[in-house]
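Read through the structure below, which is laid out as structure tokens, and then see the notes.
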Ligand SMILES: Cc1cc2nc3c(=O)[nH]c(=O)nc-3n(C[C@H](O)[C@H](O)[C@H](O)COP(=O)(O)O)c2cc1C
């Protein structure tokens, strides 16, 4: 399977992006091809229905990557009980052709204990784009974000239960992706 992850933060040290990197590594370890598109490193211009800002290399790369993907993961920070502006803008550059019939996993990082509002918004958007929402989602909130505050290459010790949940939900999402594409 070819999985595309969109990291939807405009923050250099975003915990949602660290979460996306962790999930990328879990997917690669399961033997799948995976691409992480980080909207901080590859910013997109504001979407304009008039095409006023043109089509940049980053937009083309995202659209081509999404066309090639068998399944998609969306990661967002929880901002004002919603998704980030940069992720919404990226999704406005995409459409049903990029999502139709593909399993989609939503993930969020929140200051509060659970980022339910952003996750619910993402599932509504995915439904509108004719994607197939994974029954489970991944939320890191409050102190659960601590482990993701820095890049980790090995020691999972301090990650505890949340890392186990992330691995379990990611594998369950991959099972769904294989079933719907199979
Ligand atoms: C503009 C803004 C709005 C926020 N709104 C919320 C919110 O409504 N609920 C919440 O739990 N946390 C809120 N937070 C805290 C972020 O969700 C938290 O810092 C999260 O870890 C950010 O994700 P990141 O590390 O990927 O940047 C907000 C932070 C910012 C900067």
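Worth pointing out:
- Highest-MSF residue in the chain out of 92, 25, 50 [GNM, Cα springs under 10 Å]: 50
- Rounded to the nearest 10 degrees, the angle from helix 160-181 to the longest Cα principal axis of the chain is 40 degrees.
- Here the residues 32, 80, ranked from fewest to most Cβ neighbours within 10 Å of their Cβ, fall in the order 80, 32.
- For the chain, the equivalent ellipsoid derived from the alpha-carbon gyration tensor has semi-axes of 24, 19, 15 Å in decreasing order.
- In this structure, residue 40 and residue 64 have a Cβ-Cβ separation that, at R0 = 30 Å, corresponds to a calculated FRET efficiency of about 0.90.
- Length gained on full extension, residue 2 to residue 81: 25.4 nm, using 0.36 nm per residue less the C-alpha separation.
- Antiparallel bridge percentage (DSSP; both residues within the chain; nearest 5): 5 percent
- Gain on full stretching of the segment that runs from residue 165 to residue 136 - 0.36 nm per residue minus C-alpha separation: 9.4 nm
- Look at the alpha carbon pairs under 8 Å that are at least 6 residues apart: their mean separation over the length of the chain gives a relative contact order of 24 percent.
- Contour excess over end-to-end distance, with Cα ends at residue 172 and residue 29 and 0.36 nm allotted per residue: 50.0 nm
- Degrees separating the helix 57-68 axis from the principal Cα axis of the chain, which is the longest one: 70 degrees
- Within the chain, helix-based [θ] at 222 nm, where runs of 4 or more DSSP H residues each add -39,500 (n - 2.57), nearest 500: -12500 deg cm²/dmol
FYI, it's all coordinate maths here, none of it is from the lab. Keep in mind that this is a model prediction, so the values were computed, not measured. Virtual Cβ from ideal backbone geometry, glycine too; neighbours counted across all protein chains shown.
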